Amino acid sequence: MLENVSIRKMMTPEEIAEVQFLNVEIWGSQAIPSHQMLAAVQNGGLLLGAYLEGRLIGFNYCFVGYREEKMYLHSHMIGVEKTYREQGVGELLKHAQQEYARENGFQLVRWLFDPLEARLANLSFLKLDAYSNQYEIDYYGPLQDDFNDGLPSDRIAVEWWLERNHANDSLDELEEAAEQVVSWSLTVDGLPVLDQDSEFQSNQKFYKDAYLVPIPQYLQKMKVESPKLAEDWRYKIRTILTTFFAQEYAIVRVKKQKEYIHFYLLVRRSLLAL
């Protein structure tokens, strides 16, 4: 299927209208006003569309950012039609974004995503070799769209340096030696529960080079079947990640499992020259 997907820039009101139709299908609402999106892409921003047989099936919306004396491309939103998710369309869009960034002098692409969304974690850390060491609590405030409703809008900020690659052999060794930070178990309904006895404490000090932190494989399924359990994951992961980030660790990889959970691999930043 991927060989038949084409990626192209979108610049016109008609093309943005296509994006808005897809927006509603994915999130249940128009997340960004069309006039604002049009103004952004005609003034240095970027909107990429993924087309299959002439039909829009995905998009990636970006604008220019400036932070701590660094100019970068901020990837604000990426969406793929449900039928075509987890088939590589998002990765195609990100690599087209990478090409555009390089051609226009950007060395860094940044984005934010929900740290409990395993699909976006896989894209960010496994496929693109990005990293994160910044946690934003309830970043957008309450969101009522289909994906975000019901939980605080916590996000982790991801940095993707286009000319920097982690040494994969080194990460393999660190992953092999990494210790699992907290336990997880299953409910009678087969949903994963994190740290049921609340053993993790935010005043703990961590000294090892690498640790593993569980995240659920299917947050959206959990939100439907057990909203309270999804909320429990939110607050516990918030505590764990903010604790590790404050102690100079960064997420650099996802260790995938067959069922229920995946793991973030957190590595001491000094080992990665971050």
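The values are calculated or read from the model by the stated rules, or taken from the named source; none is laboratory data. Just so we're clear, the structure is a prediction, and the values are computed from it rather than from any experiment. Counting neighbours? That spans all protein chains shown, and the Cβs are built from the backbone with ideal geometry, glycine included.
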key: Qualifying residue in segment 142-155 (condition: free of Cβ contacts under 8 Å to residues at least 60 places away in the same chain, of a type in the set (A, V, I, L, M, F, W, C) and over 21 Å from ILE78 (Cα atoms))   = no
ask   = List, please: which pairs have Cβ atoms under 8 Å, are six or more places apart or on different chains, and start with a residue in segment 88-100 that is over 16 Å from ILE57 (Cα atoms) and end with one that is among the aliphatic types (A, V, I, L, M) and surrounded by fewer than 18 Cβ atoms within 10 Å (Cβ to Cβ)?
value = GLN98/LEU162
ask   = If you scan segment 54-88, which residues turn out to be among the charged types (D, E, K, R) and either crowded, with 16+ Cβ neighbours inside 10 Å or within 17 Å of MET11 (Cα to Cα) (or both)?
value = ARG55, GLU81
inquiry  = Being in contact with a Cys (Cβ under 9 Å, 6 or more places away or on another chain) and either of a type in the set (Phe, Trp, Tyr) or not in a loop (DSSP other than H, G, I, E, B) (or both): is that true of ALA17 here?
reply    = no
ask   = Exactly one of (1) part of a loop (DSSP other than H, G, I, E, B); (2) modelled with pLDDT under 95; (3) within 21 Å of ALA210 (Cα to Cα); (4) touching a helix residue (DSSP H, G or I) at 6+ places or on another chain (Cβ under 8 Å) is unmet by LEU116. Its number?
value = (2)
query = Given the conditions (1) surrounded by fewer than 18 Cβ atoms within 10 Å (Cβ to Cβ); (2) assigned to a strand (DSSP E or B), which single one is not true for ILE32?
reply = (2)
